[in-house]
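**Student:** After the structure tokens below, expect a handful of questions from me.
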Amino acid sequence: MHAGHYISGAGHLGLIGWLLWGGGFAPTPEPFEVSEVAVISSEEYAALTTPEPVPQAAPQPAAPSPPEDTDTPPERPTADADAPPARDDPEAAQPGTPDRAPDVSGLQRPAPAEADDSSPQRPAAPPESATLAPDTSDRPTPRPAPRVAPQPVAPPEPDARVDEVRQEERTPDEGADTPAEPQEATAPEAAATEIVTEAEEASAAAPRTSLRPRARPAAPQAVAEAPQDDAADEADPIRAALEEALGGADEPAPSAAQPSDAPAGPPLSQGERDALRVAVQNCWNVGSLSSAALATTVVVGVSMGRDGRPDVGSVRLIGSEGGSGEAVNRAFEAARRAIIVCGSSGYDLPEDKYERWRDIEMTFNPEKMRIK
Amino acid sequence: MMRMILTLLAVLGLLAAPVAAQDGPLRIEITEGVIEPMPVAVPDFVVGDGAAREYASRIARVVADDLSGTGLFREIPREAFISPITSFSSPVQFADWKAINAQALVSGAVEIGQDGRLVVKFRLYDVFAGQELGEGLRFASAPEGWRRMAHKVADAVYTRITGEGPYFDSRVAFVAETGPKNARRKRLAVMDYDGANVRYLTGGDDIVLAPRFSPDGEKILFTSYSSGFPRIYLMDVASLDLRALEEQPGSMSFAPRFGPDGRTVVYSMTRGGTTDIYTLDIDSGTTRRLTRSPSIDTAPSFSPDGTRIVFESDRSGSQQLYIMSLDGGSPERISFGQGRYGTPVWSPRGDLIAFTKQSKGRFHIGVMRLDGSEERLLTASFLDEGPTWSPNGRVIMFTRESQGADGQASLYSVDITGRNLKRMRTETGASDPSWSPLLR
């Protein structure tokens, strides 16, 4: 037996003895409160046992009535308008008639509102059902354009003042020796290109402009003219040679007679031809022509100067179609005015191709401008 | 051998072709122009005699108004003139007139002749061409006729530039209206085409309707209720002599119009419950019935050659236009559009029919070809009716009545293009215009 066993046994015995007798398993005492107790009466007891009134919810406030208007509007006449108005007139009451019971409804205590702690119920969602699409719908509001331009732009050029004379704006040059006087830009009024009668005027609600794309302009006929001219001119020398060989030609061909008139430089481009055509038609005013003159096509020849101005004395009538003598004269005069007026400052023609446009034949065909 | 020579010549010709191909002038075709009034300058006429001074500016003013009133010309204000014309015979400074864009220039002079008559002469220039248009003209009349001479100058200018016939020297017969609608006083009246020189022909005691000038402009047919029923009367404009043309018991006659011969009258007569069209020879008094139908046939108008008439009838169930020959034959309907057509009038040119159309609650004045094609409505308003042609067939005058209890009838004119709609100047309300032929 080792001594250690003795020592361990003794220690455990001592610990067990301490737990059993030393109070190691004794319960912990609870905290203790002390209060005074006294005898109370029955009234005090009843008062203590009566439940306290539940705090009443405020009654629903009545809707505010509008302030009385002193200027009472006259009553709308009704079917009972002739009946005497009802009024509380004590003298009108019958003697001996018992007084009516006073109306105490206004004095009675309103019913207490019931307090409910439950969460309010959500209103039931309307049942889903399929409906027909409306016949009309509001047009979507177009997206507003930005009010501020992302990039600054130059203000538009002011309109030229309407005047009979077309003149450019001129500002004095401070560096010049003799500064010119300032001059305002003027231009004649723009002209109409179609006739709109009073009966055809669009109503105010109708759109002023159409979003339709413009019709493709007709192909300029001048394109087809060049080969035709070439073909014709090609045929002429053949014919002339044949006639000369056969002895039937009395005069030589014009080309042979005037070889020095051969134009130099490339032919006018289509754009250059169109520019000339547009320039002339801007001054071809058919508004003052008679119906007969508007049914007349005239071919007018003109010789041009190198500065692009027409030689006024060279304007001549070459041919006409569709009108009498008087109508032809009026149509020719209108064409002559167009050539001269718009050419008074010179047409924009390439000078290096002068020989190409030194002589021009213009056909004025008013078919699209006729009174129909 | 010959064939070889020809072939050789042809080859030589082809070699020369490039040179010949460049020999022709540049050719372009203009198919679109502009429609705008032509700028015209009408400076005061030169005074050749001190006594004629008062007429110099007056005549120029009337000429300018006549031209501007057509809508085909635009008068250049006199403030823009650079240099005045001081001599009728001096050369014109075209550069000065070009500078203000005057495309036409009217230069004139007035003087009092030895016989006390007023003499007016003028020249017309194409400014940009730098040359005179036609020959100068000279008119002479009593000074009181200065307005007519001004109209004649304007007529000459208008005709030379446009090619249309003249119409300024003409008059208009109409019904002058005064008072409220429910008690309106109506009088026959005659005025110059521009509203000047109004002259009343009747007193206003009786209701008068639809005056119509004779081809010579000296007589007027009209309908009067002086007897209680509509009757046709013939009045001499100069003497105001009055004559009832058609008096048949139990009948009503109305809507008369002269034939081109000035002796035949075509009109409507209601008798026995039917309204048909008749002709009347003024001299002999003989009548001839042209239509026989249970419908209402009225508002007849002669063609310029006097061989046909156009009239309105409801024989198809609605009011439409018909043309028939005076030699007989059944009428041919020419209007087929929606609405009702009435008061047709044959153009002096003979190519168009002017009419009144009622459609969708509005009234229109329109024109159509003789076969009913190319119908064009020129106006639209609450009430437009009763067209009459200018002597040259270019302008139509008609009655326009405004809406409401205070509505008043006025005379309007419109170009057959539908442009230049304008109200005529009248002292009172006016209706039922009839344009006279050119004065002689």
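Each value in this text was obtained by applying a stated rule to the coordinates, not by laboratory testing. From a predicted model like this one, the values you see are computed outputs, not experimental measurements. So basically every Cβ, Gly included, is an ideal-geometry build from the backbone, and we count neighbours across all protein chains shown.
**Student:** With a sphere of radius 12 Å drawn around the Cβ of B:Pro215, what net charge do the other residues whose Cβ falls strictly inside it have (Lys, Arg +1; Asp, Glu -1)? Working shown, then result.
**Tutor:** Details: positive: B:Arg212, B:Lys219, B:Arg257, B:Arg263, B:Arg440; negative: B:Asp216, B:Glu218, B:Asp261.
Charge balance near B:Pro215 sits at +2.
**Student:** Averaged across A:309-322, how many Cβ atoms of other chains sit within 10 Å of each residue's Cβ atom? It would help to have the intermediate numbers written out before the result.
**Tutor:** Details: counts 0, 0, 0, 4, 3, 0, 1, 0, 0, 1, 0, 0, 0, 0.
What the average comes to for A:309-322 is 1.
**Student:** So for B:Arg78, A:Arg337, B:Arg231, fewest C-beta neighbours within 10 Å to most, what's the order? Mind showing how you got there, number by number?
**Tutor:** Values: B:Arg78 14, A:Arg337 23, B:Arg231 20.
Sorted ascending by nearby Cβ count, the order is B:Arg78, B:Arg231, A:Arg337.
**Student:** Also, quick follow-up: Would you mind computing Rg(Cα) / (2.2 N^0.38 Å) for chain B, counting N as its residues?
**Tutor:** Working: Rg = 27.3 Å, N = 440, 2.2 N^0.38 = 22.2 Å.
Expressed relative to 2.2 N^0.38 Å, the Cα Rg reads 1.23.
**Student:** On to the next question. Assigning unit charges at the beta carbon (Lys, Arg +1; Asp, Glu -1) and nothing else, what dipole magnitude in debye, to the nearest 20, does the stretch B:38-162 show about its Cα centre? Present the calculation step by step, with values, prior to reporting the outcome.
**Tutor:** Details: 14 positive and 15 negative charges, 25 e Å.
Approximately 120 debye in magnitude.
**Student:** With the crude spin-label approximation of a point 7 Å out along Cα→Cβ, what separation in nm comes out for B:Ser227 versus B:Glu247?
**Tutor:** It works out to 0.6 nm between the two label points.
**Student:** Where nothing but the Cβ of Lys and Arg (+1) and of Asp and Glu (-1) is charged, how large is the charge dipole of the stretch A:270-372 around its Cα centre, in debye to the nearest 20? Write down the numbers at each step before the final one.
**Tutor:** On the way: 14 positive and 14 negative charges, 64 e Å.
Charge dipole, the stretch A:270-372, about its Cα centre: 300 debye, nearest 20.
**Student:** Testing the spin-label approximation: label points 7 Å from Cα along Cα→Cβ at B:Asp49 and B:Arg289. State their distance in nm.
**Tutor:** 6.3
**Student:** Summarise the partner chain shielding of A:273-281 as one whole number: the mean count of Cβ atoms from other chains within 10 Å of each residue's Cβ. Please list the in-between numbers first.
**Tutor:** On the way: counts 3, 1, 0, 3, 5, 2, 0, 3, 7.
Across the residues of A:273-281, the mean count of other-chain Cβ atoms within 10 Å is 3.
**Student:** Let me ask something else about it. Straight distance only, please: which lysines reach the Cα of B:Lys121 with their own Cα at less than 21 Å, same-chain residues fewer than 8 apart left out?
**Tutor:** Within the straight-line cut-off, B:Lys121 pairs with B:Lys152.
**Student:** Continuing with the same structure: In what order do A:His12, A:His2, B:His151 fall by count of nearby beta-carbon atoms within 10 Å, going from fewest to most?
**Tutor:** The fewest-first ordering by Cβ neighbours comes to A:His2, A:His12, B:His151.
**Student:** Return the Cα extents of the stretch B:343-440 along principal axes one, two and three, sorted largest first, each rounded to a whole Å.
**Tutor:** 40, 39, 21
**Student:** Can you work out the base-10 log of I(q)/I(0) for the stretch B:296-355 at q = 0.13, 0.20, 0.24 1/Å, using the Debye formula on its C-alpha atoms alone?
**Tutor:** -0.29, -0.68, -0.96
**Student:** Mind running the shape call on the stretch B:38-162? Use the C-alpha gyration tensor, a ≥ b ≥ c as the square roots of the eigenvalues: rounded below 1.5 for a/c, prolate if a/b tops b/c, oblate otherwise.
**Tutor:** The shape class here is prolate.
**Student:** I've got another one for you. Ranked by Cβ crowding within 10 angstrom, fewest neighbours first, how are A:Tyr6, B:Tyr412 ordered? Display every interim value, and only then the final one.
**Tutor:** Working: A:Tyr6 10, B:Tyr412 20.
Listed from fewest to most nearby Cβ atoms, that is A:Tyr6, B:Tyr412.
**Student:** If eta is 1.306 mPa s and T is 10 °C, what Stokes-Einstein diffusion coefficient results for the stretch A:270-372, Kirkwood Rh from Cα pairs, in µm²/s?
**Tutor:** On the way: Rh = 13.8 Å.
D, rounded to a whole number, is 115 µm²/s.
**Student:** Need one value for A:285-298: mean number of C-beta atoms belonging to other chains within 10 Å of its residues' C-beta atoms. Before the final figure, lay out the partial values.
**Tutor:** On the way: counts 9, 5, 12, 18, 8, 10, 10, 4, 3, 2, 0, 1, 3, 0.
So the per-residue partner count for this stretch is 6.
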